[in-house]
Each structure stands twice: as C-alpha cells, then as structure tokens.
Amino acid sequence: MDQRPLGHTSLSVSHIGWGTVKIGRNTSVKFPEAFELPSEEEAVAIALGMLDLGITLVDTAPAYGLAEARLGIALAGRRDDVVLCTKVGETFEDGKSRHDFTGDAARANLHQSLQRLRTDHVDILLVHSDGRDLDIQQETDLVETLEQMRQQGLARTIGFSGKTPEGARAAMDWADVLMCEYTIEDRSHETVITQAAEAGIGVLLKKVLGSGHLSPEAALRFVLHDAPIAPLISSVVIGSLSAERMRGNLEMMRRQGD
Ligand SMILES: NC(=O)c1ccc[n+]([C@@H]2O[C@H](COP(=O)([O-])OP(=O)(O)OC[C@H]3O[C@@H](n4cnc5c(N)ncnc54)[C@H](OP(=O)(O)O)[C@@H]3O)[C@@H](O)[C@H]2O)c1
C-alpha cells in the first residue's frame with residue numbers, strides 16, 4: 001500500500017491505518033450494532049491479517065480496554081513493521097473510562113502502555129482528549145510532559161487527538177501529529193487540517209466511516225479522493241474487526257482511484 005510521509009517527521013505511514021478499539025472494548029462505544037469481543041487468539045489473527053494487507057499504522061489507546069495487551073502479543077517479532085500510535089489521558093478499567101490529563105497520569109499511562117505493547121517506545125503518542133481541548137493544553141502540565149517523553153525517546157513523535165478545531169489549532173504550537181475527525185458530514189476541521197499540513201504537521205483522520213454509520217463507499221471516496229484536503233492527509237484510520245472487510249476497503253480505494 002501507498003506509504004505517505006507523516007508531515008515533517010521522519011516516519012512514513014500507510015495511507016489507510018487500522019484502528020483497534022473493537023479488539024479491546026465493546027461497552028460505551030458508538031457503533032451501530034453490539035458486537036462480541038474477539039478472543040485473544042482471534043484478535044491476534046485480525047492484527048496479523050491487517051499487517052498482511054500492507055497496513056503499517058496501528059492506532060490504539062489505554063482507553064481501548066484489552067487492545068494494547070492484545071497488540072503486544074500480536075506484534076511480538078513484528079514491532080519494526082509498524083508505526084505504533086497510542087494515547088494518554090484516558091484509561092478504561094472495570095467497564096469505566098477515567099480521564100486524567102496531568103503529567104503524572106500521562107507518565108503512568110505510557111509506562112503501562114509500553115508494558116502492554118511489549119516495546120520500549122511508541123512512534124506516535126497523542127493526547128486522548130475528552131473534549132476539553134483548550135483546558136487540557138493550557139491548564140495542565142501535559143504538553144511539557146509529552147515533550148519530555150519525546151526527548152527521552154519514549155515517544156518518537158507527540159500530538160493531539162481532540163474534538164474541536166480550536167483544540168487542533170492550539171496544538172499546532174507543539175504537536176508533530178494531529179488526529180482529527182473529518183467526514184463527508186462533518187468538515188469543521190477542514191481549515192485547521194490545511195494549515196497543519198502546510199506547517200509540516202502529520203495529519204491522521206479518525207472516524208471517517210462515522211463509526212459505521214455512513215455509507216462506506218461514499219465516505220471513503222470523500223476522504224481519500226474528493227475532499228479538498230485528501231492529498232494532505234498522511235493516513236485515514238479505519239476501525240475494523242475484519243481483515244477481509246479491510247481488504248474490501250482497500251479494493252474500494254483502488255477502484256475509486258482508477
Ligand atoms: N479520540 C480518539 O482519539 C479517537 C476517537 C475515535 C476513534 N479513534 C480511532 O479511529 C479509529 C476509527 O474510528 P471508529 O472505529 O470509531 O470508526 P470508523 O473507522 O469510522 O468505523 C468503524 C466501523 O465501520 C465498520 N466498517 C469498516 N469497514 C466497513 C465496510 N467496508 N462496510 C461496512 N462497515 C465497515 C467497522 O465494522 P467491522 O468491525 O465489522 O468491520 C466498524 O464498526 C478507532 O478504531 C480509533 O483507532 C480515535
């Protein structure tokens with residue numbers, strides 16, 4: 001698959017990335033249908049199937065329940081084949097999300113993520129915002145903590161996954177990478193994505209299928225081809241429990257590009 005530069009970082013990522021929520025968590029999520037969590041063995045097989053498709057960007061988070069630990073098993077021996085993205089600020093334990101955007105909590109989050117992922121560094125470390133995008137950046141010591149983590153080599157790049165264009169704009173002051181929601185139905189981040197990409201910040205898109213609520217064909221054509229920002233995007237992260245369905249998405253992408 002097409003590999004694209006991640007802004008001005010030294011990393012490249014597959015044009016389609018894989019989002020791992022569904023291998024780790026099936027409660028308090030916004031998918032159209034309830035689903036069973038895969039077993040550990042099934043989750044590992046799904047992950048390896050995604051890599052076999054040429055996907056190199058794998059997006060996860062402590063908030064995705066079992067996902068990091070399952071990836072740690074799947075990626076043993078394959079760590080260098082992937083650009084691994086995780087997050088700080090939200091954890092999910094005993095069926096409940098908890099947010100803490102202090103530097104101390106971020107250090108604890110990353111320490112645990114590295115153990116679960118069985119690695120000594122992640123490639124991308126993002127703030128997992130709960131929507132208080134400006135307060136998190138302006139009223140806590142989180143940004144300076146992320147900068148220290150990058151300096152210590154625990155994260156190769158740092159960035160922000162938020163909910164508002166204002167939050168993304170504020171993060172342009174310090175982030176290497178932004179993860180933004182952008183769909184055929186919600187183009188509110190279009191201007192800030194353009195500005196960020198022009199400034200050399202790597203831009204990742206999330207929820208491009210509206211978490212499964214949009215027509216996949218139309219939604220993908222928009223973000224991969226028709227949207228004015230399509231050429232500026234490093235990777236479009238798609239969540240799926242099925243490497244076969246992901247293969248279908250890649251075929252759709254190729255057909256649409258013809
Ligand atoms: N705050 C944050 O940082 C944040 C928030 C949300 C998401 N994310 C990241 O972005 C990723 C993607 O977001 P998302 O998973 O919420 O939503 P999404 O990628 O928009 O949609 C995923 C849903 O679409 C379904 N799907 C995929 N391909 C399909 C196809 N060809 N036809 C029909 N359905 C299809 C998947 O079902 P199947 O499993 O059945 O294929 C899944 O239920 C997440 O996994 C996560 O990594 C980050």
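Multiplying each eigenvalue of the alpha-carbon gyration tensor of the chain by 5 and taking the square root yields semi-axes of 24, 22, 17 Å, largest first, rounded to whole angstroms.
I'd like the GluC sites (Glu not before Pro) in region 165-258 restricted to DSSP loop residues with at most 16 other Cβ atoms within 10 Å, sorted by number. List each step's numbers first, then the result.
Values: sites: E166, E181, E185, E190, E198, E217, E244, E251; in loops: E185.
Passing both the DSSP loop test and the Cβ count: E185.
Calculated FRET efficiency, Q152 to S188, Cβ-Cβ distance, R0 = 30 Å: about 0.30 to the nearest 0.05.
Under a 5 Å amide H cut-off, with hydrogens placed 1.01 Å from N, G17 pairs with V236, V237, I238 among residues at least 5 apart or on other chains.
With an 8 Å Cα cut-off and a minimum separation of 6 or more residues, compute the relative contact order for region 3-257 in percent. Walk me through the numbers before you get to the answer.
On the way: 508 pairs, mean separation 53.9, N = 255.
Here the relative contact order equals 21 percent.
In the chain, the DSSP-assigned H stretches of four residues or longer account for a calculated mean residue ellipticity at 222 nm of -10500 deg cm²/dmol, using -39500 (n - 2.57) per stretch and the full residue count as denominator. Net charge of the neighbourhood of S188, taken over other residues with C-beta under 15 Å away and scored Lys/Arg +1, Asp/Glu -1, is -1.
Summarising the label geometry, the points placed 7 Å from Cα in the beta-carbon direction at D52 and F35 lie 1.8 nm from one another. For G65, the residues 5 or more places off, or on other chains, whose built amide H falls under 5 Å of its own are F92. One Cα centroid belongs to region 77-135, the other to region 161-230; the line between them spans 21 Å.
Apply 1/(1 + (r/R0)^6) to the Cβ-Cβ distance of T27 and S242, taking R0 = 25 Å, and write down the FRET efficiency to the nearest 0.05. All intermediate terms of the calculation are to be shown ahead of the outcome.
Numbers: r = 20 Å, r/R0 = 0.80.
That gives a FRET efficiency of 0.80.
Extending 7 Å from Cα along the Cβ direction at E217 and again at Q195 yields two label points whose distance is 3.7 nm. Once the chain from H111 to R254 is taken as fully extended at 0.36 nm per residue, the excess over their C-alpha distance is 47.6 nm. Applying the Karplus relation 6.51 cos²θ - 1.76 cosθ + 1.60 with θ = phi - 60° to region 240-253 yields 3J(HN,Hα) values of 6, 9, 9, 5, 5, 5, 5, 4, x, 5, 5, 5, 4, 4 Hz, where x marks Gly and Pro. Karplus-based coupling profile of region 127-135, in residue order and whole Hz: 6, 9, 5, 9, x, 7, 4, 7, 4, with θ = phi - 60° in 6.51 cos²θ - 1.76 cosθ + 1.60 and x standing for Gly or Pro. Close amide H pairs (under 5 Å, H built 1.01 Å from N) link T60 with C85, T86, residues at least 5 positions away or on another chain.
Coordinate-derived values only; no laboratory data. As the structure is a computational prediction, the values presented were derived from the model and not from experiment. Quick reminder, even Gly has a Cβ in these numbers, built from the backbone with ideal geometry, and neighbours come from all protein chains shown.
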